[in-house]
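The values are calculated or read from the model by the stated rules, or taken from the named source; none is laboratory data. Quantities reported herein were computed from a predicted structural model and do not represent experimental measurements. Here the Cβ is made from the backbone with ideal geometry for all residues, glycine too, and neighbour counts use every protein chain on show.
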Amino acid sequence: MKLGFKIAAILGVLVFALSACDSKYTEPFKDAPRSGKDNGTAMSVIDNSDGFSNIGWKCVGKDGVYAAFHGDHPYASIFVVPNDPNCA
């Protein structure tokens, strides 16, 4: 009886953990109102060595939009460079 309880507990924790891993992909755009204009172009990504944040960037008009993220975390630091020379 105790073995069955342990197996059920392990399966419950496993199901919960696996469902939490996918949450950022199953709930897109739940952070702010949207304008209806999408810029779906890909970002250029700079992969740094382990232990350092990676950087993604793309041009939106003449402005550069940069996101620094670490691993597979759901949040990033975002900053904009007005009139970015990379976006001429």
- Can you name every residue in the range 41-63 that is over 15 Å from the mean Cα position of the chain (by Cα) and part of a loop (DSSP other than H, G, I, E, B)? Thr41, Asn48, Ser49, Asp50, Gly51, Phe52, Gly61, Lys62
- Message: Against the definition (surrounded by 10 or more Cβ atoms within 10 Å (Cβ to Cβ) and modelled with pLDDT under 70), how does Lys24 come out, yes or no?
- Response: yes
- Evaluate the range 41-48: report whether one residue or more is loosely packed, with under 11 Cβ neighbours inside 10 Å, at pLDDT below 75 and either among the polar types (S, T, N, Q) or out of contact with any Lys or Arg (no Cβ under 6 Å at 6 or more places or on another chain) (or both). no
- Query: When residues of the range 64-74 are filtered for being out of contact with any Asp or Glu (no Cβ under 6 Å at 6 or more places or on another chain) and either part of a strand (DSSP E or B) or β-branched (Val, Ile, Thr) (or both), how many remain?
  - Reply: 5
